[in-house]
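Novice: A single structure is presented below for examination.
No value in this document is a laboratory result; all are computed from the given coordinates. Remember, it's a predicted structure, so these values are computed and weren't measured experimentally. All Cβ positions, glycine included, derive from the backbone under ideal geometry; neighbour counts span all protein chains shown.
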Amino acid sequence: MKELLTGNEAVARGTYEAGARVCSAYPGTPSTEILENMPQFKDSVYSEWAPNEKVALEVAYGASISGVRSMCAMKHVGLNVAADPLFTASYNGVGGGFVVITADDPAMHSSQNEQDNRHYAKAAKIPMVEPSDSQECKDFMRIAFEISEQFNTPVLFRMTTRVCHSKSAVELGPRQEIAVPEYKPNLDKFMSSPAAARIHHKEVEERTLRLEEFSNHCEINRMEMNGPEIGVVTASICYQYSKEAFPEGTSFLKLGLTNPLPIELIREFASKVKKLYVVEELDPYMEEAIKAAGIECIGKELTGLLYELNPQLLEERIFGKKPAPVELGVNPVSRPPALCPGCPHRGFFYTMSKQKKTVVTGDIGCYTLGYMPPLKVQEALVCMGGGFTLAMGMAKGFEASGIKDKKVFGIMGDSTFFHSGMTGSAEIIYNKGAVVPVILDNSITGMTGHQDNPGTGLTLQGDVADVIKIEDVLAAIGFKKIIIVDPQDLKAMDQAVKDANESTVPAAIITRRPCILIKNIKHDIGKCQVDPEKCKSCKMCLKVGCPAIGMKDNKAFIDQTQCVGCTVCAQVCPFDAIERLGD
Amino acid sequence: MADKVTSAILVGVGGQGTILVSKILTYGLSSAGYDVKMSEVHGMSQRGGSVSTEVRWGDKVYSPLIGKGAADIMVAFEKMEALRYAEQLKPGAIAVINDYSIESSTTAAGLEKYPEGVLEAMQNYTRCFIFNAEAIAVKLGNPKCMNVVLFGAMAKVLGLVAIDWEKIISDVVPAKLRDLNLQAYRAGRDAVQI
């Protein structure tokens, strides 16, 4: 039976078919739907949202130590968070097969950097598998588990946005039940002491030699000989692009296992063609190794280091086939993503946009969008959990340089708070930071499409969970004044910021209102309308940055299809020209 | 190698339902025996930003993604987005355009001006089918079904008559929205003349 699946759905299916029993992840585009598709198999596979990627990797690795096949999944930057246990798991080896999925995001559709996680496989000295379509996503999961067990190592399963989010036909198969051996403690293997690590490191180097040999002969590294003129070494989605961009008669060396690279196979392939190309996105990961082995090839000087490729870009960059220039005479204006109409974060950002002496450091989530005009709140953003700690560093920096008129607010969402905001909160209390942490609690992990977290009361598998209250955590850490406010009530929001600013004890703010897009709760939906008689065209309402408000015939106008009646614009209007209908 | 492959690009604004339409399209094409690939974007760009979904079908499709000058048909759910992705079209390609505009956050805030003459520019550039799918959807009682109205027009223009789209739509949309979406599909078909 064939089904149309995205790469992420196919990976979930492959995990199930391979007999895995434990899966853990923290959501992150483009990897999120892998774990979202696991609960359908909950009779055979336990799956969960972990508070962060490091936890996810450790949980999956612990399951492997217990003897079962396990998997964890994350976006590329998530592997930075989880890198610590990965490198040591490489030394220790595995119990049951253990696969770590990284989903890279070339072109940064939804990411803050474009790092190439193939380097992690090399740095951690673990084998890496790269599928190029949905069928391979499913099939390679089984192969990855087998390599993991055969070579006693974690396996990195590297995907990219276009592999994750492309749909193609997949032949489904039955689940393979894997017998789990009786658990016996193995301290030499799993207690990572210096003494053990010295032995393990030697084993890792020997393992790499065996994997190199394996890579030269394994079924997922294969030659397609179509002619002697041009040869292309490629992997992942670039294989699909190359198949369309190169002329008929081109031969391919299609790699599925890309660490260690099959250098002898590449050498053999290179000897069969007159001209050798290496086609890969981002860094010259394969090209450098191939050149280092003394094999001549053409790569990044034509294909480039930045963003995504596609068949047309390859044709243009390799064969000089430029598309005809398009001149329409009219140009579109930019359309950046924006906070949705009714987004609870809008009230907070509007309030902060009026503060003259505050510095706001941001974090990763929908609320990142608050930096854009007209709100323009947040001055620095780096990573998950960085909102509080960047704030701390800036406050200490201002203190050290004698700047006294700045107050620093650090912001992050509820899911991000559980991800890595609790340690930052402890830092603020422990080291006496002049910082107000603000948790923008919309009761969901928003940007990635509504996943539950330790604050929502539900698990990935749909079971009821104990709610961990953010205010209780903050109180336990030592915040003496915790202000909980509805951000859509601008007066209360204003007062909350004022109170936090003037507090003589450590203060924190929780802005609490569920995301307007959450489906299973009843929202107070209505419509706001402008009375054109009362509107004085002052454009104050445009300052809340709502996509539903614009100007029409020199009066404010609210798009009734988009408006949900949150009234933030109405509260801002100095002339009471905006009213919510039916109230 | 891609000669026998047809490429479609669905463009619009996050939240307009391009993904549902690409789902209907891919399931229909797949059930008719075509090799199909589709590429969509999730995450940040969905929040009111510009979005595009690409669907390709034929005897054998490798790449889920196309580049400039490669699409046979575009369906623009919002008219300015047609301009943005016009360079993706092959010479002589078809554009089905919703005569409907959504302010961008920058035009709403008065920072940029929504362009004039969008439809004329597209008509001068390629073969267009233009109608207001939003008005039809509102008449049917739910502006959200504008996406399936556009799909109806697309299906007619594509001429894939062997596929029972009404059955595919019934299979893909939730049962309680089935009748609405079937009406939307039919209204979309009737909205364009080929």
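Novice: Please give the helix A:7-17 orientation as an angle from the longest Cα principal axis of chain A, in degrees from 0 to 90, rounded to the nearest 10.
Specialist: Helix A:7-17 sits roughly 60 degrees off the main axis of chain A.
Novice: Computed from the mean reciprocal separation of all distinct C-alpha pairs, what Kirkwood hydrodynamic radius does the protein assembly as shown have, in Å?
Specialist: Value: 27.9 Å, from the Cα pair sum.
Novice: So how much slack lies between A:His119 and A:Lys354, counting 0.36 nm per residue of separation and subtracting their Cα-Cα distance, in nm?
Specialist: Result: 80.2 nm gained on full extension.
Novice: Find which of A:Gly320, A:Thr32, A:Asn501 sits farthest along the positive direction of the dipole of chain A, computed with +1 on the beta-carbon of Lys and Arg, -1 on that of Asp and Glu, about the Cα centre.
Specialist: Selected residue: A:Asn501.
Novice: Shifting gears a bit: Mind ordering B:67-74, A:213-220 by average Cβ neighbours within 10 Å, highest first? Kindly include the intermediate steps, with their values, before the conclusion.
Specialist: Values: B:67-74: 22.1, A:213-220: 16.4.
Taking the mean over residues of other Cβ atoms within 10 Å, the ranking is B:67-74, A:213-220.
Novice: Given Cα positions, please report Rg to Rh for segment A:2-217, the hydrodynamic radius being the Kirkwood one.
Specialist: That ratio equals 0.95.
Novice: Another question, if that's okay. Let me confirm one metric for peptide A:336-343, namely the mean number of other chain beta-carbon atoms within 10 Å of its residues' beta-carbons.
Specialist: 5
Novice: Taking θ as phi - 60°, what are the ³J(HN,Hα) couplings along segment A:416-431 by the Karplus curve (6.51, -1.76, 1.60), each to the nearest whole Hz, with x for Gly and Pro?
Specialist: 5, 4, 6, 5, 7, x, 5, 5, x, 4, 4, 4, 5, 6, 4, 9
Novice: Here are some pairs, A:Lys357/A:Lys469; A:Lys54/A:Lys184; A:Lys75/A:Lys167; A:Lys481/A:Lys527; which of them have Cα atoms lying more than 28 Å apart in this structure?
Specialist: A:Lys357/A:Lys469; A:Lys481/A:Lys527
Novice: Continuing with this model, one more query. Please rank A:Val360, A:Val22, A:Val333, A:Val233, fewest neighbouring Cβ atoms within 10 Å first, as an exposure proxy.
Specialist: Lowest to highest Cβ neighbour count: A:Val333, A:Val22, A:Val360, A:Val233.
Novice: Where does the charge balance sit around B:Glu120 when Lys and Arg score +1, Asp and Glu -1, over other residues with C-beta under 15 Å from its C-beta? Write out the running numbers ahead of the final one.
Specialist: Values: positive: B:Lys79, B:Arg127; negative: A:Glu327, B:Asp99, B:Glu116.
Cβ neighbours under 15 Å give a net charge of -1.
Novice: Now for a different question. Most fluctuating residue of B:Ala137, B:Ala184, B:Ala175 in a GNM of chain B with Cα springs under 10 Å: which is it?
Specialist: Its mean-square fluctuation being the largest, the pick is B:Ala175.
Novice: Apply the Karplus curve 6.51 cos²θ - 1.76 cosθ + 1.60, θ = phi - 60°, to the phi angles in segment A:441-455 and return the couplings in whole Hz, x for Gly and Pro.
Specialist: Result, ordered by residue: 8, 9, 6, 6, 8, x, 4, 7, x, 6, 9, 6, 8, x, x Hz.
Novice: With point charges of +1 on the Cβ of Lys and Arg and -1 on the Cβ of Asp and Glu, referenced to the Cα centre of the protein assembly as shown, which listed residue (B:Leu83, A:Leu460, A:Ser251) lies farthest in the positive direction of the dipole?
Specialist: B:Leu83
Novice: With equal scatterers on the alpha carbons only and no solvent term, can you work out the Debye log10 of I(q)/I(0) for segment A:528-580 at 0.20 1/Å?
Specialist: Reported log10 I(q)/I(0), two decimals: -0.56.
Novice: Which ordering of A:Phe418, B:Phe151 is given by a fewest-first count of other beta-carbon atoms within 10 Å?
Specialist: Ascending number of Cβ neighbours within 10 Å: A:Phe418, B:Phe151.
Novice: So, by mean Cβ neighbours within 10 angstrom, what's the order for A:487-499, B:85-97 with the highest one leading?
Specialist: The densest-packed peptide leads the list: B:85-97, A:487-499.
Novice: Looking only at other chains, what is the average number of their beta-carbon atoms within 10 angstrom of each beta-carbon in A:321-329?
Specialist: Counting Cβ atoms of other protein chains within 10 Å of each residue's Cβ and averaging gives 6.
Novice: Using the Cα centre as the reference, give the magnitude of the dipole from point charges on the C-beta atoms of the protein assembly as shown (Lys, Arg: +1; Asp, Glu: -1; all else neutral), rounded to the nearest 20 debye.
Specialist: Values: 82 positive and 92 negative charges, 289 e Å.
For the protein assembly as shown, the charge dipole is close to 1380 debye.
Novice: Sticking with this structure for a sec: Could you list A:Ile518, A:Ile428, A:Ile403 so that the one with the fewest beta carbons within 10 Å of its beta carbon is first and the one with the most is last?
Specialist: Listed from fewest to most nearby Cβ atoms, that is A:Ile403, A:Ile518, A:Ile428.
Novice: Count the net charge of all other residues whose Cβ sits under 10 Å from the Cβ of B:Ile102, scoring Lys and Arg as +1 and Asp and Glu as -1.
Specialist: Value of the local net charge: -3.
Novice: Next up: Can you tally the net charge around A:Ala465? Count Lys and Arg as +1, Asp and Glu as -1, for every other residue whose Cβ sits under 13 Å from the Cβ of A:Ala465.
Specialist: Working: positive: A:Lys469; negative: A:Glu48, A:Asp452, A:Asp463, A:Asp466.
Around A:Ala465, the charge tally is -3.
Novice: Given a cut-off of under 8 Å on Cα pairs at least six residues apart, what relative contact order in percent is computed for chain A?
Specialist: On the way: 1242 pairs, mean separation 62.2, N = 583.
RCO, chain A: 11 percent.
Novice: Using the structure shown, select from B:Lys23/B:Lys144; A:Lys291/A:Lys322; A:Lys539/B:Lys144; A:Lys519/B:Lys37 the pairs with a Cα to Cα distance greater than 19 angstrom.
Specialist: Beyond 19 Å: A:Lys291/A:Lys322; A:Lys539/B:Lys144; A:Lys519/B:Lys37.
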